[in-house]
Amino acid sequence: MTTTPLPGLSIGPYAVQPPVVLAPMAGITNAPFRTLCREFAEGGRGFGGRPPGGAAAGGKGLFVSEMITTRALVERNDKTMQLIHFDASETPRSIQLYGVDPVTVGKAVRMIVDEGLADHVDLNFGCPVPKVTRKGGGSALPYKRPLLRAILHEAVTNAGDLPVTMKMRKGIDDDHLTYLDAGRIAVEEGVTAIALHGRTAAQHYGGTADWDAVARLKEHVPEIPVLGNGDIWTADDALRMVRETGCDGVVVGRGCLGRPWLFADLVAGFEGAGPDAYARPSLRQVADVMVRHAHLLGEWIGDEARGVVDFRKHVAWYLKGFSVGSEMRKRLAITSSLDELRELLAELDLDQPWPSGADGPRGRTSGNNRVVLPDGWLRDPYDCAGVTADAELDTSGG
């Protein structure tokens, strides 16, 4: 079979092989979910302690925390301090920061360095949700070129030896594309790598990701690695993105929702194995992962019931495509203990094989044609007077 040459991806001093990054997702990529994804990638616990799907052991990748607000970090918000917790086995430790004030961003990065909180800092310039963009943050911010430059300058200056990367979208909408300018600014300010989601903020998660934009960015900033993001649902999608765009690696988000074993597939794919090596778990195996996920959340939160409640959002993703009645899905979505979760799962036909079509799109897919922006935001890309301190959210996690 024809294999895709493995790109050599380094984030600062850290070799990332396979060249795969778990996208930061609010309320999802906390320490328990990162643990599951890493276990599958590394061929460890997986399904019953064996490398799932025949994947070779030893794969790794990079697994990034959910979004941390710089103001909340500097002020040591309780929720934020919990979100930056990393398991002892996580290395390198990657934190994604969101901020709009260069000084506050600089203080947050300096705090990370001085207190040894992480080994890598990623900056969020891609979030399209209204509560972020209405204040000029996330995917709205790169439109203000001087502000973007100032934030990157403060982050890199205060990071010392820690690599700083950034994640962004194409722009606000098709009439206000920013990714090429932002990429050049990033190179000039010393950013180590850039991840591009091939959608505008106006698209949210609808339509089709523009992989051609990833290729254009790679050509525009050959000095540093470019990672592609958007519509990577399978390992074959990741390999195809690398082939078609020339990018140095991929960032995987919604494709792994309810499917942390996708990282085992990615390891197998990038190491040259074909689709026959990809994981096709039965419902029994999926149910085991669901219980472990809920258990890990309870341990992390320090309360089993709260862990199970937090897990509820994952139920539909895990069960996608399986024959599970609507009434049972509702019951599973209101469980409040591990015993209850186990008992309900035991009532299912656990011998069901992996369903056809379950590898496709999951998570949010609807578009949104209106981007909520500060008044007058689009009048002048060089006028940053409208960005004020209240654009810094005081909580983390998106």
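The values are calculated or read from the model by the stated rules, or taken from the named source; none is laboratory data. Predicted model only: the values in this text are computed from it and were never measured. So basically every Cβ, Gly included, is an ideal-geometry build from the backbone, and we count neighbours across all protein chains shown. Quick note on the areas: whole protein, heavy atoms, side chains included, nothing else; ligands and nucleic acids left out. Shrake-Rupley method; radii C 1.70, N 1.55, O 1.52, S 1.80 Å.
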Q.
So if I check each of 249, 190, which one is open to solvent by less than 10 Å² (accessible area, probe 1.4 Å) and touching a helix residue (DSSP H, G or I) at 6+ places or on another chain (Cβ under 8 Å)?
A. 249
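Looking for whichever is over 30 Å from residue 342 (Cα atoms) and either touching a Ser or Thr at 6+ places or on another chain (Cβ under 8 Å) or part of a helix (DSSP H, G or I) (or both) here; the options are 255, 298, 206. Which one fits?
After ruling out the rest, the residue left standing is 206.
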Q) out of contact with any Ser or Thr (no Cβ under 6 Å at 6 or more places or on another chain) and modelled with pLDDT of 90 or more: does that describe residue 78? A) yes
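Okay, residues lined up against (1) surrounded by fewer than 24 Cβ atoms within 10 Å (Cβ to Cβ); (2) among the acidic types (Asp, Glu):
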residue: 91; (1), (2): yes, no
residue: 114; (1), (2): yes, yes
residue: 119; (1), (2): yes, yes
residue: 142; (1), (2): no, no
residue: 151; (1), (2): no, no
residue: 157; (1), (2): yes, no
residue: 167; (1), (2): no, no
residue: 170; (1), (2): no, no
(Q) Against the conditions (1) at positive phi; (2) in contact with an Asp or Glu (Cβ under 8 Å, 6 or more places away or on another chain); (3) surrounded by fewer than 24 Cβ atoms within 10 Å (Cβ to Cβ), where does residue 225 fall short? Just the number, please. (A) (1)
Q) Just one of 76, 71 is crowded, with 19+ Cβ neighbours inside 10 Å and among the basic types (Lys, Arg); which is it? A) 71
Q.
Among the listed residues 32, 52, 24, identify the single one that is open to solvent by less than 10 Å² (accessible area, probe 1.4 Å), modelled with pLDDT of 90 or more and not basic (Lys, Arg).
A. 32
Q | Breaking point among (1) over 23 Å from residue 41 (Cβ atoms); (2) in contact (Cβ under 8 Å) with a residue 40 or more places away in the chain, for residue 283 | A | (1)
Q. Which condition number does residue 259 fail, the rest of (1) open to solvent by less than 10 Å² (accessible area, probe 1.4 Å); (2) more than 30 Å from residue 242 (Cα to Cα); (3) basic (Lys, Arg) being met?
A. (2)
Q) Has region 337-358 got any residue that is open to solvent by less than 50 Å² (accessible area, probe 1.4 Å) and within 23 Å of the chain's Cα centre (by Cα)? A) yes
Q: Would you mind finding the one in 284, 280, 306 that is touching a Phe, Trp or Tyr at 6+ places or on another chain (Cβ under 6 Å) and either surrounded by fewer than 21 Cβ atoms within 10 Å (Cβ to Cβ) or not in a helix (DSSP H, G or I) (or both)?
A: 280
(Q) Suppose we filter 243, 259, 216, 199 for residues that are farther than 17 Å from residue 40 by Cβ and under 19 Å from the mean Cα position of the chain (by Cα); which single one remains? (A) 199
(Q) Which of the numbered conditions does residue 147 fail, given that it passes all the others? Conditions: (1) open to solvent by 10 Å² or more (accessible area, probe 1.4 Å); (2) modelled with pLDDT of 95 or more; (3) touching a strand residue (DSSP E or B) at 6+ places or on another chain (Cβ under 7 Å). (A) (3)
Q) What single numbered condition from (1) over 22 Å from residue 104 (Cβ atoms); (2) open to solvent by 20 Å² or more (accessible area, probe 1.4 Å); (3) assigned to a loop (DSSP other than H, G, I, E, B); (4) among the charged types (D, E, K, R) fails to hold for residue 161? A) (1)
**Q.** Qualifying position, being of a type in the set (A, V, I, L, M), in a loop (DSSP other than H, G, I, E, B), in contact (Cβ under 8 Å) with a residue 24 or more places away in the chain and in contact with a Gly (Cβ under 9 Å, 6 or more places away or on another chain), among 215, 273
**A.** 273
Q. Going through region 97-110 one residue at a time, which ones are within 12 Å of residue 163 (Cα to Cα) and either in a strand (DSSP E or B) or at pLDDT below 95 (or both)?
A. none
Q | Among (1) of a type in the set (Val, Ile, Thr); (2) farther than 18 Å from residue 361 by Cα; (3) under 25 Å from the mean Cα position of the chain (by Cα) - the single one residue 315 does not satisfy | A | (2)
Q | Sole exception among (1) at pLDDT below 95; (2) open to solvent by less than 10 Å² (accessible area, probe 1.4 Å); (3) assigned to a helix (DSSP H, G or I); (4) farther than 24 Å from residue 21 by Cα for residue 131, by number | A | (2)
